[in-house]
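Data first, discussion second: the structure below is written as structure tokens.
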Amino acid sequence: MLSSENRFVCGDAVEVLSGLPNAWAQAVIADPPYFRVLDEQWDSQWKSTSEHLAWCEQWLRQCMRVLRDDGLCFIFGQLGKREHGFIHALSRFCNLFAFHDLIIWDRVVGYNERRDSLTPAYEMILVLRKSDSVKFFKESVRVPYDEETIERYMKDKRYSDKNARLAHLRKGKFATNILSVPSLKGLSQEKCGHPSQKPTRLISQLIMMSTEQGDWVLDMFSGSGTTAFVAEELGRRWIGIEKSEEYIAMAKDRMKRARETDLPGFEKEDAP
């Protein structure tokens, strides 16, 4: 029986997932270790790319088992000179389960400049599904036009109904599969100590496009708790699985402070 309470579970992702029921999560967000990208023990615990890939297949099979038939599974990954394993994962995962989309997260700025290759400035989010019919809310992730753009478009003489045209522009344009969200800078107020923390603004878009209020969101590599944090802000139910007791404590403290202050959790875009 699945508890109705939002909660963090400390434990191995595969082991914890195996104890969860079938088809209950509306969205799964997986931000796994990329393997030998960060100078962290948890990111280099496998002996080879093939060993890391076999482990990824283990947790993915469990994720897709607990995913609802109309749900979506989002998997973060990255390609580069040293983080090439994800290109093999893309092929294997799409042979195992149905491909839905490949989202490019444009980090806006590059990082970790490399002398012998181009500076990485994006990451990927593979989206998988279980059926042809999924919950998807394109209207929820429209991108606002700025006032200058709206004013310019309103001068287009092809549109006789100006009120309808303005209402359409006020809704914003539909998002593409390239999401431009600045990565968290060193002085960002949102950062709380995890080396691969994702921006709340990015995670919120994934949750809004794939769930409604009251739906369950699963994150089996919870880290600093960003997915749980955003899910709660948006009125979704959530479970966060994390192996590190240190990160669990970090995530719980983050949630506690947010609840006590009753402040919105979404940080405005950092100034350049």
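Bear in mind these aren't lab numbers, they're just calculated from the coordinates by the rules spelled out. All of these numbers come straight from a predicted model, not from anything done at the bench. Every residue, glycine among them, receives a Cβ derived from its backbone with ideal geometry; neighbour counts consider all protein chains shown.
The figures follow:
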| item | result |
| --- | --- |
| Stretchable slack from Ile87 to Asp156, in nm (0.36 nm times residue separation minus alpha-carbon distance) | 20.4 nm |
| Pair Thr119, Ser48: separation of 7 Å Cα→Cβ label points (nm) | 3.6 |
| Estimated dipole of the stretch 16-161 in Debye, rounded to 20 [Cβ of Lys and Arg +1, of Asp and Glu -1, Cα centre] | 440 |
| Bridge type composition, the chain - antiparallel percent by DSSP, nearest 5 | 45 |
| Charge-dipole axis of the chain as Lys and Arg at +1 and Asp and Glu at -1 on Cβ define it, positive-most pick from Met255, Val66, Ser133 | Ser133 |
| Helix-only CD estimate at 222 nm, as mean residue ellipticity for the chain, using -39500 (n - 2.57) per DSSP H run (n ≥ 4) | -10000 deg cm²/dmol |
| Additional length obtainable on full extension of the chain from Val14 to Phe99, 0.36 nm per residue less Cα span | 28.4 nm |
| The stretch 136-175 - charge dipole about Cα centre, Lys and Arg +1 at Cβ, Asp and Glu -1, debye rounded to 20 | 200 |
| Under 5 Å, built H, 5+ apart or other chain: amide partners of Gln78 | Phe86, Met124 |
| Positive-pole candidate from Leu166, Trp42, Ala23, dipole of the chain, charges at beta carbon | Leu166 |
| Residues with amide H under 5 Å from that of Phe221, placed H, sequence gap 5 or more | Asp31, Ile241 |
| Magnitude of the charge dipole, the chain, Cβ model with Lys/Arg +1 and Asp/Glu -1, debye to 20 | 780 |
| The stretch 66-80 versus the stretch 242-256: alpha-carbon centroid distance in Å | 23 |
